[in-house]
Every structure is written in C-alpha cells, then in structure tokens.
Amino acid sequence: MAEAPKQQQQQQAQIKADEKELLGQYSNLVVVHHNAEEFTLNFVYMFPTVAQGKLVASLILNPRHAKRLLRALEENVSRYEAQFGKLPEAPAPDAEPKVGFVQ
C-alpha cells in the first residue's frame, strides 16, 4: 500500500506594518483599469461637497491575483450577509463619473 504524501506545513507569514498602514484609508470610489498583464485599482476619496477627490491608494495586481481577490470578496460578502442580513444593491448612477488624475 502506498504511503499518503505528507502535507506541507503552512508557515505563518510575518507582516510588518507601520501605524499609518494599520489605520487604513477610507475610499468611496474605485477606478479599475486593466491590460493583458495587470489590473490597476485606484482607490479614491471623493469629497462630498465639491467635485474633487484624492487618490488614497493604488494597487497593481496580476490577473490571477485579481481573480483571487474577486473570489475572496465574494466569499466575505456572503459571510457578512449570512451574519448581518442582505446588503441592498446601490442604485446605479445616472451617468458614469468622469474621473481624471492631476498632479
């Protein structure tokens, strides 16, 4: 009888983070771009009183990682809804916001 292959022991990753990163950033808009090699997610805070915003973070992912992120978000939203109730769908905006970056 063949011996079952040994399962790899998963090591715990040690992640270093400064207090600023641990506090996080609030974003109320995400602008997504993609090409054949990568997805770029630009997280923006749009100010409520003026048509102006500030880029708070930009993430660049390879397509496989973007798909894993999609699955992780779907799974976590499902868990959230199971615990706290169904999230209502936000109404679609009348028009897509036109967002451009300035330096």
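The values are calculated or read from the model by the stated rules, or taken from the named source; none is laboratory data. Computed from a predicted structure; not experimentally measured. Neighbour counts run over all protein chains shown; Cβ positions are idealised from the backbone, glycine included.
Of the residues making up the range 26-64, those that are assigned to a loop (DSSP other than H, G, I, E, B) and surrounded by 13 or more Cβ atoms within 10 Å (Cβ to Cβ) are Ser27, Glu38. With respect to Val77, is the statement that it is assigned to a loop (DSSP other than H, G, I, E, B) and either surrounded by 10 or more Cβ atoms within 10 Å (Cβ to Cβ) or at pLDDT 90 or above (or both) true? Against the criterion (assigned to a loop (DSSP other than H, G, I, E, B) and either surrounded by 10 or more Cβ atoms within 10 Å (Cβ to Cβ) or at pLDDT 90 or above (or both)), Val77 does not qualify. Among the conditions (1) modelled with pLDDT under 95; (2) surrounded by 10 or more Cβ atoms within 10 Å (Cβ to Cβ), Ala90 misses just one, which is (2). Ala72 falls short on exactly one of the conditions (1) of a type in the set (Gly, Ala, Ser); (2) surrounded by 11 or more Cβ atoms within 10 Å (Cβ to Cβ); (3) within 12 Å of the chain's Cα centre (by Cα), and that condition is (2).
Filtering Leu41, Leu55, Leu61, Leu69 for residues that are touching a residue at least 40 places away in the same chain (Cβ under 8 Å) and either in contact with a Lys or Arg (Cβ under 8 Å, 6 or more places away or on another chain) or under 25 Å from Leu23 (Cα atoms) (or both) leaves a single hit, Leu55.
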